[in-house]
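See below for the structure under consideration.
What follows draws every value from the coordinates through simple rules; no lab data is involved. Note that the structure is predicted; figures quoted are calculated from it, not measured. No Cβ is skipped: glycine too gets one built from the backbone with ideal geometry, and neighbour counts run over all protein chains shown.
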Amino acid sequence: MPADANVYGDVFGGWIMAQVDIAGSLPATRRANGRVATIAVNSFLFKHPVFVGDLLSFYAEVIKVGNTSITVNVEVFAERNRLEAETVKVTEATLTYVATGPDRKPRQLPPLPD
């Protein structure tokens, strides 16, 4: 939306970061079978600008699992010039989430089902 961009039509990096955090939390929540909290942004790289009107796709996958933590890689692609279907990788990030219980303290991850 225009409110999420600067006067030149570039989308704010902070807005993209928030969306990446949401995308990364989905597979982490699934693996944790419940609540997770972001504990680290291990890396975040803006490769190309995102423009108002771009259609963004977020792809997230779990790359590491610890006792209570889950590390997720997220890639973001922008589809531009929809008539020509130009797709550009605009962002990549790695985030770590921790599984938390009802008390919001870290909890052990459940074992994977057989």
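At a glance:
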{"item": "Residue count for the range 72-93, restricted to those that are crowded, with 18+ Cβ neighbours inside 10 Å and of a type in the set (S, T, N, Q)", "result": "2"}
{"item": "Cross-chain or 6+ apart pairs with Cβ under 8 Å, the range 91-114 first and acidic (Asp, Glu), then part of a loop (DSSP other than H, G, I, E, B) and surrounded by 10 or more Cβ atoms within 10 Å (Cβ to Cβ)", "result": "Glu92/Lys47"}
{"item": "Matching strands (runs of 3 or more DSSP E) fully within the range 45-114 where at least 3 residues are of a type in the set (Ser, Thr, Tyr)", "result": "86-99"}
{"item": "Any hit, the range 3-18, residues being β-branched (Val, Ile, Thr), within 30 Å of Gly101 (Cβ to Cβ) and surrounded by 13 or more Cβ atoms within 10 Å (Cβ to Cβ)", "result": "no"}
{"item": "Some residue of the range 23-45 being within 24 Å of Ala85 (Cβ to Cβ), of a type outside the set (Phe, Trp, Tyr) and crowded, with 16+ Cβ neighbours inside 10 Å", "result": "yes"}
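The rows are residues; the columns are (1) without any contact (Cβ under 8 Å) to a residue 12 or more places away in the chain; (2) within 30 Å of Val7 (Cα to Cα).
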| residue | (1), (2) |
| --- | --- |
| Ala23 | no, yes |
| Ala28 | no, no |
| Val41 | no, yes |
| Glu61 | no, no |
| Val72 | no, no |
| Ala85 | yes, yes |
